[in-house]
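Q: First the structure, then my questions, so here it is.
The values are calculated or read from the model by the stated rules, or taken from the named source; none is laboratory data. As the structure is a computational prediction, the values presented were derived from the model and not from experiment. As a convention, Cβ positions derive from the backbone with ideal geometry for all residues, glycine included, and neighbour counts pool all protein chains shown. Surface accessibility is based on the protein's heavy atoms, side chains included, excluding ligands, DNA and RNA. Shrake-Rupley method; radii C 1.70, N 1.55, O 1.52, S 1.80 Å.
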Amino acid sequence: MSEQSRPRKPGKPYRRPQKDPVRMLAFEALRAVDERDAYANLVLPPLLRRAREKEGPEKFDGRDAALATELVYGTLRRQGTYDAVIAQCVDRPLREVDPPVLDVLSLGAHQLLGTRIPTHAAVSASVDLARVVLGDGRAKFVNAVLRKVAQHDLDGWLERVAPPYEDDPEDHLAVVHSHPRWVVSALWDSLGGGRAGIEDLLEADNERPEVTLVARPGRSTAEELLREESAVAGRWSPYAVRLSEGGEPGAVDAVREGRAGVQDEGSQLVALALANAPLEGPDKAWLDGCAGPGGKAALLAALAAERGAVLLASEKQPHRAGLVARALDGNPGPYQVIAADGTRPPWRPGAFDRVLMDVPCTGLGALRRRPEARWRRRPEDLDGFAPLQRALLRTALESVRVGGVVGYATCSPHLAETRAVVDDMLKQYGDAVDLIDARPLLEGVPALGDGPDVQLWPHLHGTDAMYLALIRRVA
């Protein structure tokens, strides 16, 4: 039916829905996250790149890209809060709302409650999006729900949907700060502090992290990277440079050429601490036993080259081993990359002076970068990782020579993935190993706790919540 022949109601002329490229892209990214279990930080960059390369009105400029990024990440970070709000505004359980409809509603809720977009514009743009991707019938449902959402601001809604802190502290924090209850409980246990600490941490998880670069020694310098627009020095690592205004790493020559990379400062600190740990005897052979995707391996290989040492980077998955090889390509000294199962290593025992084992984990330490992970993970996932984490640390301890050092690292602060694993291995190996105080090796970094292991935090250090224990083989 043409627009001219469409029946019209008096006083309400038919308005063709506006196809908004920014919100269409945000919706496409959210559907990929939901349907394919994709990660937004992997899905969004190619979508934005294609949008920048288009011609005509759908071509993105910097403001379009920034808005699309905010819509995607903001919606994912606050999903738990928005679900609680939307549940009060629909006449059915949320599980009975079609996922694409819920994505449009969540995008609309974020514009209404989490941005400065005017109310009428947020509702109108969301309804137009619904008419394009869902059809007129469901667009009316979206309109009705979002008009209810718009009746209160975020604080007003939190008073209505979050239980009082005094009645249920964990559920209150879960709704207010948009984390699953079990994650709130686990993080609180790891912090071991009061209300202020856990609230600061949960809020930090909901903030957009700065892009942090690493200058790979022998190939680039922090001074070179600091010449980039919006670049400022890192807080703790001498190789770190932050792009403080959302700079694009792909626009940096050293990053495009592989001489620098994108790497959280906490990850850099873990590699530096292992590289600088005191050794007894030779220092020629280093191992990264879980090297993918290659950030720590590239930094370790460069540091090893400066000392005349050689790094072996091992990664179980062949495609991830390829990413490691790409990250190390151009390293100033010799290195080797292999695809191998770290629990059944092809190298001989005691072959290495330094070993890093950054084990697979729940990723609860990187919720700023991968906000959707908080909704995918379940407490039972810990049981799946536990045997692998212990097996990999066992391999590391068998792979290092007497007098050498092992770094056990994980991007999770959950006690079951950090101290519980280390304590089990210390008991198993007894007098054959010693736990080294890692804190002096993170020079200048405050609030590192009682040691000897180290837990970094987003709210205290501006890094991912990386954990590190350094263990020396003494017999």
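Q: Using just the alpha carbons, could you tell me how many Å³ per residue the convex hull of the range 329-453 encloses? Spell out each step's value before the answer.
A: Numbers: hull volume 21.1 nm³, N = 125.
With only Cα atoms used, the range 329-453 gives 169 Å³ per residue.
Q: What's the center-to-center distance, using Cα atoms, between the range 367-411 and the range 45-71 in Å?
A: Value for the Cα centre distance between the two parts: 37 Å.
Q: Convert 20 °C to kelvin, take the viscosity as 1.002 mPa s, use the Kirkwood radius over C-alpha pairs of the range 101-176 as Rh, and evaluate the Stokes-Einstein diffusion coefficient in µm²/s, rounded to a whole number.
A: The Stokes-Einstein estimate is 163 µm²/s.
Q: Please compute the length gained on full extension between ALA475 and ASP168, using 0.36 nm multiplied by the number of residues separating them and subtracting their Cα-Cα distance.
A: Numbers: separation 307, 0.36 × 307 = 110.52 nm, distance 4.97 nm.
Answer, rounded to one decimal: 105.5 nm.
Q: Roughly speaking, what % of Cα-Cα pairs in the range 343-394 are separated by over 17 Å, rounded to a whole number?
A: Values: 666 of 1326 pairs.
Within the range 343-394, distances greater than 17 Å cover 50 percent of Cα pairs.
Q: Label 7 Å along Cα→Cβ of ASP381; the range 399-436 residues with amide nitrogen under 16 Å?
A: It comes to 410-418, nothing else.
Q: Which one of VAL161, TRP286, ALA273 is farthest out on the positive end of the charge dipole of the range 143-301, using unit charges on Cβ (Lys, Arg +1; Asp, Glu -1) and the Cα centre as origin?
A: Farthest along the dipole direction, towards plus: TRP286.
Q: While we're looking at this one, here's another question. Quick one: what do you get for the range 136-252 if you divide its Cα Rg by 2.2 N^0.38 Å?
A: Compared with the compact-globule rule of thumb, the range 136-252 sits at 1.57.
Q: At GLU203 and ASP341, where each label point lies 7 Å from the Cα along Cα→Cβ, what is the point-to-point distance in nanometres?
A: 4.8
Q: Still on this model: Per residue of the range 128-136, what does 6.51 cos²θ - 1.76 cosθ + 1.60 with θ = phi - 60° give for ³J(HN,Hα)? Whole Hz please, x for Gly and Pro, Karplus curve as stated.
A: Values, residue by residue: 4, 4, 4, 5, 6, 9, 10, x, 4 Hz.
Q: Here is a follow-up. Per-residue counts of other Cβ atoms within 10 Å, averaged by peptide: what ranking do you get for 81-90, 122-131, 31-40, 313-322, highest first?
A: 122-131, 81-90, 313-322, 31-40
Q: Further, regarding this structure: I'd like the FRET efficiency for ARG307 and GLU443, computed as 1/(1 + (r/R0)^6) with the beta carbon distance as r and R0 of 22 Å, rounded to 0.05.
A: Efficiency for this residue pair is about 0.75.
Q: What accessible surface, in Å², does a 1.4 Å probe find on MET466, ignoring ligands, DNA and RNA and rounding to the nearest 10?
A: MET466 has an accessible surface of roughly 10 Å² with all protein chains in place.
Q: So, one more: Using a Förster radius of 30 Å, what is the FRET efficiency between GLU229 and LEU42 based on their Cβ-Cβ separation? Nearest 0.05, please.
A: 0.70
Q: Whole angstrom only: what separates the Cα centroid of the range 448-475 from the Cα centroid of the range 79-147?
A: A separation of 42 Å, based on Cα centres.
Q: Then there's this: Over the range 27-122, what portion of Cα pair distances is larger than 19 Å, expressed as a whole percent? Please list the in-between numbers first.
A: Values: 2083 of 4560 pairs.
When all Cα pairs of the range 27-122 are counted, 46 percent exceed 19 Å.
Q: Kirkwood hydrodynamic radius of the chain from all distinct Cα pairs, in Å?
A: Averaging 1/r across every pair of different Cα atoms and inverting gives 24.2 Å.
Q: Quick check on the chain: of the DSSP beta bridges with both residues there, what percent are antiparallel, nearest 5%?
A: Counting DSSP beta bridges with both partners in the chain, the antiparallel share is about 55 percent.
Q: Please give the solvent-accessible surface of ASP167 in Å², to the nearest 10, using a probe radius of 1.4 Å with every protein chain present.
A: Approximately 120 Å² for this residue.
Q: Within the chain, what is the number of lysine pairs with alpha carbons under 22 Å apart, leaving out pairs fewer than eight places apart on the same chain?
A: Going through the chain pair by pair, I get 8.
Q: Just the number: Rg to Rh for the range 403-475, Cα atoms, Kirkwood Rh, two decimals. Mind showing how you got there, number by number?
A: Numbers: Rg = 12.4 Å, Rh = 12.7 Å.
Over the Cα atoms of the range 403-475, Rg/Rh equals 0.98.
Q: Here is a further query. To the nearest 500 deg cm²/dmol, what mean residue ellipticity at 222 nm is calculated for the chain from DSSP H runs of n ≥ 4 alone, each contributing -39,500 (n - 2.57), summed and divided by the residues?
A: That calculation yields -14000 deg cm²/dmol at 222 nm.
Q: In whole Hz, with x marking every Gly and Pro, tabulate ³J(HN,Hα) for the range 203-213 from phi via Karplus 6.51 cos²θ - 1.76 cosθ + 1.60, θ = phi - 60°.
A: So the J values, rounded to whole Hz, are 5, 5, 4, 9, 9, 6, x, 5, 6, 10, 9.
Q: Can I ask one more? May I ask you to evaluate 6.51 cos²θ - 1.76 cosθ + 1.60, the Karplus curve with θ = phi - 60°, for each residue of the range 439-444 and list the ³J(HN,Hα) values in order in whole Hz, giving x for glycine and proline?
A: 4, x, 7, 10, 4, x
Q: Taking a 1.4 Å probe, which of VAL255, VAL101 shows the most accessible area, and what order do the others take after it? Write out the running numbers ahead of the final one.
A: Working: VAL255 30, VAL101 5 Å².
Largest to smallest exposure gives the sequence VAL255, VAL101.
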